[in-house]
Ligand SMILES: NC(=O)c1ccc[n+]([C@@H]2O[C@H](COP(=O)([O-])OP(=O)(O)OC[C@H]3O[C@@H](n4cnc5c(N)ncnc54)[C@H](O)[C@@H]3O)[C@@H](O)[C@H]2O)c1
């Protein structure tokens with residue numbers, strides 16, 4: 001199957017998931033040109049794009065998704081006919097100390113992208129320009145939008161109940177994306193994934209922190225009693241899911257993406273300790289404000305509709321890290 005877009009704008013492609021996604025697509029498809037727009041915040045780095053930066057189907061632009069003038073220029077010059085938006089402020093702790101950048105990039109930025117898609121692809125509500133009949137916007141969302149659940153799992157039609165400024169900004173973006181689909185008929189899809197792990201993740205996130213603590217024989221700080229539960233999916237499996245949704249879903253489709261491998265933060269660290277001579281050493285610290293106890297999402301929809309399966313197991317991944 002060919003990729004849905006010929007000229008795909010990937011935003012946030014110098015970050016963790018975006019850089020893995022570009023690598024995934026350029027390896028899998030030869031008929032797509034990828035334009036990566038990233039403002040290179042502290043979380044973005046061009047060394048994450050080294051694997052593919054010389055590929056003739058790839059081009060990088062440094063810039064902000066809030067800048068509609070720049071977006072319009074890129075859309076017009078390169079006939080952009082698909083957007084996958086990874087660009088966001090992503091660290092919950094930062095959203096607690098300073099929420100403003102989260103509102104700007106995660107809400108205003110998404111509005112700006114949608115507005116430019118509408119203006120370039122459509123004549124009027126529900127009427128696409130001839131050359132852009134297949135054009136689509138995909139939003140990358142997070143399981144954190146649903147909030148915490150002690151038993152069972154959230155489905156795609158569960159109510160949103162975000163608890164941190166980060167998850168509230170992502171939930172707001174999902175609503176704006178939905179409104180562009182319902183009001184203007186813009187072709188949109190959304191994927192809502194659990195915690196990702198894999199190459200290129202920023203050192204501020206839990207698994208890179210564990211790895212660095214082992215390397216430096218240092219302590220890892222754990223919030224509260226470490227019993228908070230997260231589902232962990234390998235970034236490759238998430239990229240595969242995003243690609244299927246973007247290519248195959250009907251417009252307006254929204255899919256949960258997770259592995260079903262739920263673990264407490266403490267259990268996750270114990271998996272490392274078992275393999276790496278009882279490292280890292282653990283230090284418990286006072287809990288994060290508004291810390292969600294458990295995220296859990298039901299993935300029946302993507303399995304049944306798109307035949308999605310995960311291929312990675314987190315325990316094997318930890319072993320193969322060979323720290
Ligand atoms: N990492 C996870 O476990 C996870 C889980 C679920 C959902 N998500 C979502 O996936 C997406 C990517 O997450 P990630 O972990 O790769 O994040 P990341 O922090 O590693 O990368 C984000 C990238 O976006 C760029 N960026 C930020 N603001 C921008 C702006 N205004 N304009 C242009 N570029 C900007 C940064 O420079 C960076 O390269 C985010 O939308 C996040 O909410 C992540």
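For a test of the definition: using alpha carbon positions, the gyration tensor, and the 1.5 limit on a/c, classify the stretch 232-323 as rounded, prolate or oblate.
Oblate, because a/c is 1.5 or more while a/b does not exceed b/c.
If you take every DSSP beta bridge fully contained in the chain, what fraction is antiparallel? Give it as a percent rounded to 5.
10
Considering the alpha-carbon set of the stretch 77-126 alone, what are its Rg and its Dmax in angstrom?
14.1, 42
In deg cm²/dmol and to the nearest 500, what is the mean residue ellipticity at 222 nm of the chain if only DSSP H runs of at least 4 residues count, each as -39500 (n - 2.57), divided by the residue total?
Estimated from H runs of four or more residues: -10500 deg cm²/dmol.
What angle, in degrees between 0 and 90 and rounded to the nearest 10, separates the Cα long axis of helix 68-78 from the longest principal axis of the Cα atoms of the chain?
70
Out of all DSSP beta bridges with both ends in the stretch 85-211, state the antiparallel percent to the nearest 5.
That works out to approximately 20 percent antiparallel.
Order by neighbour count: 320, 77, fewest other Cβ atoms within 10 Å first, most last.
320, 77
Working from Cα positions, state the angle (0 to 90°, nearest 10) between the long axis of helix 265-275 and the longest principal axis of the chain.
In the chain, helix 265-275 runs at an angle near 70 degrees to the longest axis.
Normalised by the residues of the stretch 204-323, what does the relative contact order come to in percent, with Cα pairs under 8 Å and at least six apart?
41 percent.
Given a cut-off of under 8 Å on Cα pairs at least six residues apart, what relative contact order in percent is computed for the stretch 102-230?
Value for the stretch 102-230: 28 percent.
For the stretch 54-173, what mean projected area does the convex hull of the alpha carbons give, in nm²?
Result: 10.0 nm².
Helix 235-248 sits at what angle to the longest principal axis of the chain, using alpha carbons and giving 0 to 90 degrees rounded to 10?
30
Which shape class, rounded, prolate or oblate, goes with the stretch 37-87 when its Cα gyration tensor gives a ≥ b ≥ c as root eigenvalues, a/c under 1.5 marks rounded, and past that a/b bigger than b/c marks prolate?
The shape class here is oblate.
Can you give the Rg and Dmax of the stretch 163-278 based on its C-alpha atoms, in angstrom?
17.6, 57
Go ahead and set up a Gaussian network model of the chain, Cα springs under 10 Å, then flag whichever of 229, 285, 96 fluctuates most.
Ranking 229, 285, 96 by mean-square fluctuation puts 285 first.
What base-10 log of the normalised intensity I(q)/I(0) is obtained for the chain from the Debye formula, alpha carbons as equal point scatterers, at q = 0.08, 0.15 Å⁻¹?
The Cα Debye sum returns log10 ratios of -0.35, -1.28.
Going by average Cβ density within 10 Å per residue, which order do the peptides 25-38, 296-309 take, highest to lowest?
Order by mean packing, descending: 25-38, 296-309.
Note down, for the stretch 100-170, the three equivalent ellipsoid semi-axes (square root of 5 times each alpha carbon gyration tensor eigenvalue), biggest first, whole angstrom.
Taking √(5λ) for each Cα gyration eigenvalue gives 31, 17, 8 Å.
Taking the alpha-carbon set of the stretch 1-120, what are its Rg and Dmax in Å?
14.1, 45
Classify the stretch 138-178: rounded, prolate or oblate, from the alpha-carbon gyration tensor (a ≥ b ≥ c, eigenvalue square roots; a/c under 1.5 rounded; otherwise prolate if a/b is larger than b/c)?
Note, shape of the stretch 138-178 comes out oblate.
With a cut-off of 13 Å, note down the residues of the stretch 235-254 whose backbone N falls inside the zone around a label point 7 Å from the Cα of residue 320 toward its beta carbon.
Residues 235-237 qualify, since their backbone N sits under 13 Å from the label point.
Every number in this text was worked out from the coordinates using simple rules, so none of it is lab data. This is a predicted model, so every value here is computed, not measured. Note: ideal-geometry Cβ built from the backbone for every residue, glycine included; neighbour counts use all protein chains shown.
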